[in-house]
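Chemist: For reference, the structure I am asking about is given below.
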Amino acid sequence: MAAKDPSLKNDRASRRDFLAAGCGLAAMLALGGWSRRAGGAAFLRPPGALEEASFLARCIRCDRCRGACPTAAVGVLHTEDGVFAARTPTLDFHIGYCDFCGDCAAVCPTGALQPFDAKTARIGLAEVNDRCIALNSGGCNVCGERCPYGAVSFDGMRRPVVDAARCNGCGVCENACPALVLRSYLGGKERGIVVKAPGEATSHAAGEGA
């Protein structure tokens, strides 16, 4: 009887190790995706979106909402946002803004996005951060000028203040904010005013209480 080639045994062991490592990585990615959601991560969904768990159960990642958006504000999440959320729609206000036209809900084939009342719909809440030009050097009022709902005003020191009762998270202010260009030396991708998903905003006014 011919002796078994020890290299074959080593090859099988290597394949087993490779498969085990791959399964382990997949499990960690899945766990990471779940942990982001369980840890309270929230995403900016188009208006009319169901509660998150129901939304994820119904959304079939068909991209119809993205194709229907007239301002190109609808983008998609990626695997780094969590494997369960990957390829589902999110709003990217660096590219567009939401005018609450309802086209995304109209083309949704599963009801993950429902028809909504444009007067009461809410996406999130705008929040001013320390990249804001007006906070650092003054002279900028773009967000207040562009807001179509009168949700951004300025205090006595010309700092922007967001009225939570009026802000519906449309993203016009973030889309228009020039901080990323004029303060590009700071690096990063965040603008001076950013729409946060429900529950993520930490304050409604810049320099409140200062």
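The values are calculated or read from the model by the stated rules, or taken from the named source; none is laboratory data. Note that the coordinates shown come from a computational prediction; the quantities given were computed from them, not determined experimentally. Here the Cβ is made from the backbone with ideal geometry for all residues, glycine too, and neighbour counts use every protein chain on show.
Chemist: Out of everything in segment 87-115 that is out of contact with any helix residue (DSSP H, G or I) (no Cβ under 9 Å at 6 or more places or on another chain) and touching a residue at least 60 places away in the same chain (Cβ under 8 Å), what residue ends up being farthest from GLU190 (Cα to Cα)?
Modeler: Here the answer is PHE100.
Chemist: Still on this structure, I have one more. Is segment 145-156 home to any residue that is modelled with pLDDT of 95 or more, within 22 Å of PRO46 (Cα to Cα), out of contact with any His (no Cβ under 9 Å at 6 or more places or on another chain) and hydroxyl-bearing (Ser, Thr, Tyr)?
Modeler: The answer is yes; a qualifying residue exists.
Chemist: State whether the residues of segment 83-106 include one that is surrounded by fewer than 14 Cβ atoms within 10 Å (Cβ to Cβ) and farther than 11 Å from PRO47 by Cβ.
Modeler: Going through segment 83-106, the residues surrounded by fewer than 14 Cβ atoms within 10 Å (Cβ to Cβ) turn out to be 106.
When the remaining residues are screened for being farther than 11 Å from PRO47 by Cβ, the result is 106.
Scanning segment 83-106, I find at least one residue that is surrounded by fewer than 14 Cβ atoms within 10 Å (Cβ to Cβ) and farther than 11 Å from PRO47 by Cβ, so the answer is yes.
Chemist: Going through segment 141-172 one residue at a time, which ones are more than 20 Å from LYS119 (Cα to Cα) and within 21 Å of the chain's Cα centre (by Cα)?
Modeler: Once the filter is applied, which keeps residues that are more than 20 Å from LYS119 (Cα to Cα) and within 21 Å of the chain's Cα centre (by Cα), segment 141-172 yields only CYS143.
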